[in-house]
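Coordinate-derived values only; no laboratory data. Nothing here was measured: the structure is a model prediction, and the numbers come from that model.
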Amino acid sequence: MDNVQLVQIPVKKGEDEANVHMAVEDTSGDSVILEYVHGKLHVYHNRLYKVMTNDPAYPDQLEQLKRKDFSHPGKNMPLPGNVNAVDRFQRASYYLSMLREPKTVRQAVASLSSILNNVSVPFGAPYGRNGPTGRHGFDTYNTEYRTITYLTNERYYFQLATAPSMVWGNLLKFDLKPGAPVMMLNPDNTSLSGNVTGKFHRSKGIPF
């Protein structure tokens, strides 16, 4: 990261800039969390770091796991149910600790998908400090899409919150060398489902 400069940009017109974490994994399953706090880069490197949400800072998220042991989940363990990042972090950690070793890729994707659905903010949920009608105190946004990466065989799964089906692409089938053409696919297409690797087309530019 010494040779990388990150620049904040507004997410949507008229809105404030947002600070975010970045999670990076390799095909061995190793993991690193990158986080800027007051302009300083903090790096958390451990293959055990498997859960991350928007807030709070990552050390505070790890502290939550120390306060609440999810290593022995039980059906009577109370779980927070709000849509804020802290509650979703705890729920994701709890459900992840329940998963058994998957026997197939399909089982692994289905297991992770069920967790993502459980910790997603429902589509159409109120947002903004006063909500769209002025009656709510939420300061969050609904989950717009969910992704799963199969690191070993380099498959990328994607589902829009407004689409009925999950799609996936085989990254090994793409030309990822420097200078290769940019390939695109519009996921907002209800006819898409399953393997869409061959349905990407060459980009004529990057839309904004």
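Return a whole-number percent for the relative contact order of segment 156-208, with Cα pairs under 8 Å and 6 or more residues apart as the contact set.
Numbers: 60 pairs, mean separation 20.1, N = 53.
In percent, rounded to a whole number, it is 38.
Starting from 0.36 nm per residue, how many nanometres of slack lie between Asp2 and Asn54 once their C-alpha separation is accounted for?
Values: separation 52, 0.36 × 52 = 18.72 nm, distance 2.35 nm.
My answer for the length gained is 16.4 nm.
Which of the pairs Lys103/Lys199; Lys177/Lys199; Lys177/Lys204 have their Cα atoms more than 22 Å apart in this structure?
On the way: Lys103/Lys199 29 Å; Lys177/Lys199 20 Å; Lys177/Lys204 18 Å.
Check vs 22 Å cut-off fails for Lys103/Lys199.
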